[in-house]
2 protein chains.
Amino acid sequence: LKKVTASIITIGDEILIGQVTDTNSQWIANELTKIGITVEQMISISDEAKTITASITNNKSDLIILTGGLGPTKDDITKHTLTKYFSSTLTIHQPTLNKLISSYSSRNKELNDLNKTQALVPQNCTVLENEFGTAPGMWFQENNQTTISLPGVPLEMKKLLELQVLPKIKEHFSTPYIYQRTLHTIGIPESNLAIKLANWEQTLPEGISLAYLPTLGMVRLRLTVYDKNKEKAHELLNPYIDTIYQEISNYIFGEDNDLLEQVIGNILLDNHQSLATAESCTGGNISKLITSVSGSSKYFNGGIISYSNDVKINSLNIPIETIAKHGAVSEETVTLMAQNVRVLLNSTFGLAVTGIAGPEGGTWEKPVGTVWIAFASENQVITKKLQLTPHRDKNIRLSTVYALDLLRTSTMKHQ
Amino acid sequence: LKKVTASIITIGDEILIGQVTDTNSQWIANELTKIGITVEQMISISDEAKTITASITNNKSDLIILTGGLGPTKDDITKHTLTKYFSSTLTIHQPTLNKLISSYSSRNKELNDLNKTQALVPQNCTVLENEFGTAPGMWFQENNQTTISLPGVPLEMKKLLELQVLPKIKEHFSTPYIYQRTLHTIGIPESNLAIKLANWEQTLPEGISLAYLPTLGMVRLRLTVYDKNKEKAHELLNPYIDTIYQEISNYIFGEDNDLLEQVIGNILLDNHQSLATAESCTGGNISKLITSVSGSSKYFNGGIISYSNDVKINSLNIPIETIAKHGAVSEETVTLMAQNVRVLLNSTFGLAVTGIAGPEGGTWEKPVGTVWIAFASENQVITKKLQLTPHRDKNIRLSTVYALDLLRTSTMKHQ
């Protein structure tokens, strides 16, 4: 089965000056990937005839999808440029004109000459009627290359693609089935993970590709296989999911679209357990993530953000002597924070963080990036010391991720 | 003055399969536009040597910025590809190696061989040291073309660009002087702002362009002028900043790089005032934003996240009768939340939020998106009811912004 390749081309100055993010390309790429088409490039270019022409002239992709530049105003030139490129002439597309006339008359508005030009299309294209806007899409077929032009308005583009373009593409090309599985790991750096998986990676057959996708404190592992046959693709890949779990199951917290805060929520929910947090240096970031999950009120009782020592003493009942003797950033303090917030907020578990996020506040003994995290249940406290970075934002985010992972691994033992 | 052109190239399969949105390109495009460089194309390509080479081979831009593919694992090949393309060889960059060694030893971790390869750089490039990660950036200068390779991790890319690349670009190229002033408004929708500013906009001369840049709950107004001469540009633009303040000063909370949480922090700091928060539906998002500011411990005492009614009753001392009679989402409850957290945490001001973020929990009388916010000082409480959207994430973010704005406008009256 020959690989079918695609280019996605976005036309519009507002993207090149950084004013808007191009979300169309990602959406199209995702849809094409799902039906087995390999997107080999995504390009953003300006509304200029010569750049539009250049972007398709030496393009070797089997399929080219262009979005944008189909409006009625004079800065929109995609249609004219493609008409010229495909040596065609513009002609009235009667169904589109009829639709424009009835749409304007139903809103008691006058259809002016500028708007009428939206019904002009190149003679040699297949028109893709746009039910959600005025600019129709266009499908050009020349030799073995398919070029499709769609409006840039996200809703119109998506509806046209979904309802007309994708079915037509599936008919026109024979594409492989793509099967992907993603595993989310936490608590192990990319390079250590690669070492742990070195032998396992050797067992992967040629048809399976592996990608490491790191983010702060986490690494996603993505396995991909292409095959004509769906069952064969699953049969080929799935055994390697089983064997990778044998290597690194401790570090895997979820698959595919799972989020850490959601995985934790599900554990708590399933076991009828509840949580309270005591946060110092993370300043509410942990509870913010926990409560970003819809339905989190079923297991999250609340938290105390004990930013000042006074709040640690008065609201979390940490003895002033503990802070005086060991410091606010210490195993003793974080232990009491987790234990006390658990009891005060009447919860199954308590989770606490105290540290020096920086950039100020570090000492020789406790430099910026020193963070203590603790998990408390009725009979147990688990603490951990982190030595993070000199950077405030990174420290807050990493402390949050590691605290959530401590919660995850600890609650799993309580099931 | 000759136009300086740029290409931004993003390397990584995860973008082409539509798994992640490329936000790096927009950010870079915006920064380059600000210093007068014309971005002519943005390209996303896969981690393959031949596509990386092809993307730069016939590239006519004066400046090429590549991001991504600089990790230590074998799917990251940007560095090797560029080394070959620029006919160079890899050599150890001692400062990077030293940094790796000290960073690993300070965390009591072992530097493995794979990590050590991060210190290898092509001999003929200028190394851009990365303080925020392991992969250094690279600046290649060949004839009249500049090619820069940066890591794809957004934080590392941004810091490298800000601190090292942009200053070097400004030195290397002669670009027009661009003078921009941005005013941050809050609490007024874009369309109302446009109506209020209609007459003022008429007074703007041809050379000054105005952009409305809306984000959740806020609108930035950006005025831009291009000129060869710095003084002339300032003289032309600055008077319009004075006149726009006459129109809408109540809505302007800051200029240029000001952040709302920072503006508020400065007000509290300057007046030796302190703050405590009581959050329900925002779940810690307000305190998280407040504490994202370095030095916030000087004015932020802490907060109570009263997600459950038990916490409202036990930790915030809200009488059970108040909740029973008026509900947890009510003016009466939010008033007591703000007053009580102020007293409990011994602070000058209390700020409170309670609401229904959704998607569940709405009633006919109090639909999803109903939110009460309150500000309390020793002698005063100011409350406000918000009717927001059906969307959880949007409601949390909007409630946070409006609560912070209530704090800003209320504290200003206490100066």
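What the table shows:
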| item | result |
| --- | --- |
| Within region A:20-29, considering residues that are without any contact (Cβ under 8 Å) to a residue 40 or more places away in the chain and facing another protein chain (nearest Cβ under 7 Å), the one least open to solvent (accessible area, probe 1.4 Å) | A:Ala29 |
| Residue in region B:386-407 that is more than 23 Å from the chain's Cα centre (by Cα) and basic (Lys, Arg) present | no |
| Output for region A:249-260, where each listed residue is buried (at least 17 other Cβ atoms within 10 Å of the Cβ) and assigned to a helix (DSSP H, G or I) | A:Tyr251, A:Leu260 |
| Residue within region A:268-277 that is touching a Lys or Arg at 6+ places or on another chain (Cβ under 8 Å) and on the phi > 0 side of the Ramachandran plot present | no |
| Of residues in region B:278-302 being more than 20 Å from the chain's Cα centre (by Cα) and among the charged types (D, E, K, R), the one nearest to A:Ile304 (Cα to Cα) | B:Glu279 |
| Tally, over region B:365-385, of residues that are touching a strand residue (DSSP E or B) at 6+ places or on another chain (Cβ under 7 Å) and crowded, with 18+ Cβ neighbours inside 10 Å | 10 |
| Matching residues, region A:289-306, being facing chain B (nearest Cβ under 7 Å) and either touching a Pro at 6+ places or on another chain (Cβ under 8 Å) or of a type in the set (Phe, Trp, Tyr) (or both) | A:Ser294, A:Phe300 |
| Test for B:Ser249: is it out of contact with any Lys or Arg (no Cβ under 9 Å at 6 or more places or on another chain) and of a type in the set (Ser, Thr, Tyr) | yes |
| Test for B:Tyr245: is it farther than 20 Å from B:Val401 by Cβ and open to solvent by 50 Å² or more (accessible area, probe 1.4 Å) | yes |
| Qualifying helices (runs of 4 or more DSSP H) (wholly inside region A:307-387; at least 3 residues being more than 10 Å from chain B (Cβ to nearest Cβ)) | A:320-326, A:331-344 |
| Residue in region B:391-408 that is open to solvent by 40 Å² or more (accessible area, probe 1.4 Å) and assigned to a loop (DSSP other than H, G, I, E, B) present | yes |
| Residue within region A:205-212 that is touching a residue at least 40 places away in the same chain (Cβ under 8 Å) and either within 30 Å of B:Ala135 (Cα to Cα) or part of a strand (DSSP E or B) (or both) present | no |
| Region B:283-337, residues that are buried (at least 24 other Cβ atoms within 10 Å of the Cβ), farther than 17 Å from A:Glu279 by Cα and among the β-branched types (Val, Ile, Thr) | B:Ile318, B:Thr333, B:Val334 |
| Residue match in region A:218-230 (condition: closer than 30 Å to B:Leu155 by Cα and more than 12 Å from chain B (Cβ to nearest Cβ)) | yes |
| Search result, residues across region A:96-121 that are open to solvent by 60 Å² or more (accessible area, probe 1.4 Å) and not polar (S, T, N, Q) | A:Lys99, A:Ile101, A:Arg107, A:Lys109, A:Glu110, A:Asp113, A:Leu114, A:Lys116 |
| Hits in region A:180-192 - residues which are of a type outside the set (Val, Ile, Thr) and facing chain B (nearest Cβ under 9 Å) | A:Gln180, A:Pro189, A:Glu190, A:Ser191, A:Asn192 |
| Of all residues in region B:62-87 being charged (D, E, K, R) and more than 11 Å from chain A (Cβ to nearest Cβ), the one that is most open to solvent (accessible area, probe 1.4 Å) | B:Lys84 |
| Qualifying residue in region A:350-370 (condition: aromatic (Phe, Trp, Tyr) and without any contact (Cβ under 8 Å) to a residue 12 or more places away in the chain) | yes |
| Filter result for the condition that a residue is of a type outside the set (Phe, Trp, Tyr) and touching a Cys at 6+ places or on another chain (Cβ under 9 Å), over A:Ser149, A:Ser191 | A:Ser149 |
| Which listed residue, of B:Leu269, B:Leu275, B:Leu344, B:Leu351, is within 26 Å of the chain's Cα centre (by Cα), surrounded by fewer than 24 Cβ atoms within 10 Å (Cβ to Cβ) and not charged (D, E, K, R) | B:Leu269 |
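The values are calculated or read from the model by the stated rules, or taken from the named source; none is laboratory data. The structure presented is a predicted model; accordingly, all values stated were derived computationally and were not measured. Note: ideal-geometry Cβ built from the backbone for every residue, glycine included; neighbour counts use all protein chains shown. When the accessible area is computed, the model is the full protein with side chains, heavy atoms only, and any ligands, DNA or RNA have been set aside. Shrake-Rupley method; radii C 1.70, N 1.55, O 1.52, S 1.80 Å.
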